[in-house]
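The values are calculated or read from the model by the stated rules, or taken from the named source; none is laboratory data. It should be emphasised that the depicted structure is a prediction, and the values quoted were computed from it without experimental measurement. Cβ coordinates were reconstructed from backbone atoms using ideal geometry, including for glycine residues, and neighbour counts include every protein chain displayed. Keep in mind that these areas ignore ligands, DNA and RNA; they rest on the heavy atoms of the full protein, side chains included. Shrake-Rupley method; radii C 1.70, N 1.55, O 1.52, S 1.80 Å.
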Amino acid sequence: MIWITVASVFLLAGLVKGIVGMGLPTVAMGLLAITMPPAQGAAILIIPSFVTNIWQLLAGPSFKRLFKRLWTMMAGVAVGTVAGSGWLTGGHTGVALSGLGAALTIYAMLGLLQVRFQVSVRYENLLSPLVGLITGLVTGATGVFVIPAVPYLQALMLEKEELIQALGLSFTVSTIALALGLALHADDQMASVPLLGVSLLALIPALLGMFIGQMLRARMSAEAFRRVFFSGLLLLGIYLEITSLS
């Protein structure tokens, strides 16, 4: 039964990620939390998240330039995720998920109403490592990579494909750091489940869903992408709020 559940979850999560460039960890963690402890769900997430984010990262137009611009943010993400992963293995995720869902919902509503945020280049050196560190701490506590990294990257006014690639970079670093944090805080409960095999299985439907989603995204205009992007964030935020109450 777990194989069917995992395949269905990651097909849907991959589809969402293919369309909006994010959402695989959020959808997967929320659905898997119904049937297993959060730490086990995060462990299953590692391989599909890493491979799909590497795919997203390398498919973009300007990796070197983005990495040079965002490396301090990535360093903050790595440090914060490893430091905060003890919260996830400890199971203290309800309040964090609720806060994350509320933040996503508010941000998405502002985006749909076209309230524009913009970060000046002069402040990036100050904000990038701070945003990265906070994102890492949230990732370590919940297994979800999106806040505040997504609104920050969107506020940098990147082009559509640059934004997708920047998200891929951030999520790749988050995935690697989360894997390290889970390894450092592994317990007997996690060791008793063949999580590596389940994670490898989950990669197949995740890639299939992402491939379909990317084909749909390529046919969208910039305005249609904006609406889908923020609508996706809104649905993810509401979903996290509901999950945190269960």
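Ranking Leu112, Leu178, Gly23 by how far each Cα lies toward the positive end of the dipole of the chain (charges on Cβ) leaves Leu112 at the top.
For segment 100-187, give the magnitude of the charge dipole about the Cα centre (Cβ charges: +1 Lys/Arg, -1 Asp/Glu; no others), in debye to the nearest 20.
It comes to approximately 200 debye.
Counting only protein heavy atoms and a probe of 1.4 Å, the accessible surface of the chain is 73% carbon and sulfur.
Taking Cα atoms only, the orientation of helix 160-184 departs from the longest principal axis of the chain by about 30 degrees.
One decimal place: the segment Trp71-Glu159 gains 29.8 nm when fully extended, by the rule 0.36 nm per residue minus the C-alpha distance. Each Lys and Arg Cβ is given +1 and each Asp and Glu Cβ -1; about its Cα centre, the chain then shows a dipole of about 700 debye.
If you stretched the chain out fully between Ile2 and Met220, how much longer would it get, using 0.36 nm times the residue separation minus the C-alpha to C-alpha distance?
Contour length minus Cα-Cα distance gives 75.0 nm.
Among [x] 16.5, 53; [y] 17.3, 53; [z] 16.6, 48, only one was calculated for this model; which label is it, if the read-out is Rg and Dmax of the Cα atoms in Å? It is the one labelled [x].
Anisotropy class assigned to segment 46-185 is oblate, per the alpha carbon gyration tensor with a/c at or over the 1.5 cut-off and a/b no larger than b/c. Principal-axis analysis of the Cα atoms of the chain puts helix 195-218 at an angle of about 30° to the longest axis.
For the chain, averaging the sequence separation of C-alpha pairs within contact (under 8 Å, six or more residues apart) and dividing by the residue count gives a relative contact order of 41 percent.
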